[in-house]
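The values are calculated or read from the model by the stated rules, or taken from the named source; none is laboratory data. Computed from a predicted model, the values in this text were never measured in an experiment. Because the Cβ atoms are built from the backbone with ideal geometry, glycine has one as well, and the counts that use them run over all protein chains shown. Protein only, heavy atoms only, side chains kept; ligands, DNA and RNA dropped before computing areas. Shrake-Rupley method; radii C 1.70, N 1.55, O 1.52, S 1.80 Å.
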Amino acid sequence: MHDPLIITCAVIGAELTKTDSSYLPLTPDEIASSAVEAVKAGAHIIHLHVRDDNGKPSQSVALFEQISKAISRQCDCILQYSTGGAVGTPLNERIAPLKLKPDMATLSMGTMNFGGEIFENSEVTIHSIAAAIQDNGIVPELEIFDSGMLDTTCRFIQKGYLPDKFHVDFVLGVPGGMNGDLKNLMFLINQLKPEQSWSVAGIGKHQLPLSTHAIAMGGHVRVGFEDNIYYKKGELAKSNAEFVLRIVRLASELNRPVATLEQAKSTLFLKG
Ligand code: KMH
Ligand code: ZN
């Protein structure tokens with residue numbers, strides 16, 4: 001029997017602009033409203049990046065605070081801050097918003113090519129972010145973009161640098177990481193212990209097939225504009241909520257119950 005399904009919505013990310021899609025939420029109000037709509041559609045976790053006045057990616061503590069408060073005023077959900085930021089964001093900025101003590105924060109487990117750029121996560125960087133997460137009493141979500149990052153995770157746990165109970169998210173399809181082929185997801189989950197909770201974030205066209213397989217196999221799902229802007233080939237999604245609603249419908253068709261917020265918190269090692 002699988003755990004009830006947890007849905008994450010990654011509402012904007014750091015890379016996309018209005019040139020990619022005019023439907024992207026960029027201002028603080030737009031990001032908060034889009035997140036609230038996604039939660040009302042069924043999302044449990046909001047994976048949060050913020051943008052500044054010019055729509056550029058930012059790790060501003062004030063903006064994270066403003067948007068988090070706006071979301072929390074309007075709905076109950078699990079707030080998960082990005083510590084990845086944008087490619088090239090300095091370490092001190094990546095960890096700065098953690099002092100607001102969100103429920104969760106991401107921890108990317110290795111350096112990689114990220115499109116034409118380099119997403120730097122040396123062991124020193126991973127250590128520093130892991131320490132900041134732990135010091136603020138935040139639950140990490142380990143972001144795995146490639147199989148070696150799972151090996152790094154095991155090494156960090158064995159050395160006691162990370163808790164041995166963790167939730168892992170496979171982000172598949174970033175150019176430079178593992179591609180979104182289902183065989184890659186199978187390879188990764190075959191290395192996990194049976195009780196390990198995992199989710200998958202498929203990039204672009206991989207989002208729908210990987211999400212569907214995750215629902216069927218007992219994993220959890222991340223959708224949203226950060227990873228994919230198309231609802232179907234050639235048709236832009238108009239909102240994050242559309243993606244979430246589709247996952248809720250698929251779960252119902254596949255007889256996978258969707259978690260309550262309390263069930264999601266318990267699966268993710270969050271205190272009620
Ligand atoms: N924007 C990417 C370079 C995370 O949120 O933790 C990194 C990223 C990962 O989005
Ligand atoms: Zn992100």
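Details
- Looking across the range 138-169, the residues that are more than 25 Å from GLN207 (Cα to Cα), outside any helix (DSSP H, G or I) and modelled with pLDDT under 95 come down to LYS159, GLY160, TYR161, LEU162, PRO163, ASP164, LYS165.
- Scanning the range 254-272 for residues that are touching a residue at least 40 places away in the same chain (Cβ under 8 Å), in a helix (DSSP H, G or I) and either surrounded by fewer than 14 Cβ atoms within 10 Å (Cβ to Cβ) or not aliphatic (A, V, I, L, M) (or both) turns up GLN263, LYS265, THR267.
- Some residue of the range 9-19 being within 25 Å of LEU268 (Cα to Cα) and not in a loop (DSSP other than H, G, I, E, B): yes
- Check on SER211, surrounded by 15 or more Cβ atoms within 10 Å (Cβ to Cβ) and touching a Ser or Thr at 6+ places or on another chain (Cβ under 7 Å): no
- Residue check for LEU48: within 16 Å of ligand 2 (Cβ to nearest atom), surrounded by fewer than 21 Cβ atoms within 10 Å (Cβ to Cβ) and either at pLDDT 95 or above or not polar (S, T, N, Q) (or both): no
- Filtering the range 137-160 to residues that are more than 19 Å from the chain's Cα centre (by Cα) and more than 20 Å from TRP198 (Cα to Cα) leaves LYS159, GLY160.
- Qualifying residue in the range 43-53 (condition: in a loop (DSSP other than H, G, I, E, B), within 26 Å of GLN134 (Cα to Cα), among the hydrophobic types (A, V, I, L, M, F, W, C) and in contact with a Cys (Cβ under 8 Å, 6 or more places away or on another chain)): yes
- Boolean, GLY84 is within 13 Å of ligand 1 (Cβ to nearest atom), touching a residue at least 60 places away in the same chain (Cβ under 8 Å) and within 22 Å of PRO140 (Cα to Cα): yes
- Matching strands (runs of 3 or more DSSP E) fully within the range 170-253 where at least 2 residues are of a type in the set (A, V, I, L, M, F, W, C): 197-202, 220-223
- Where strands (runs of 3 or more DSSP E) fall entirely within the range 55-137, those with at least 1 residues that are surrounded by fewer than 14 Cβ atoms within 10 Å (Cβ to Cβ) are at 117-119.
- Scanning the range 22-41 for residues that are touching a helix residue (DSSP H, G or I) at 6+ places or on another chain (Cβ under 6 Å) and open to solvent by less than 20 Å² (accessible area, probe 1.4 Å) yields PRO25, ILE31, ALA32, SER34, ALA35, VAL36, ALA38, ALA41.
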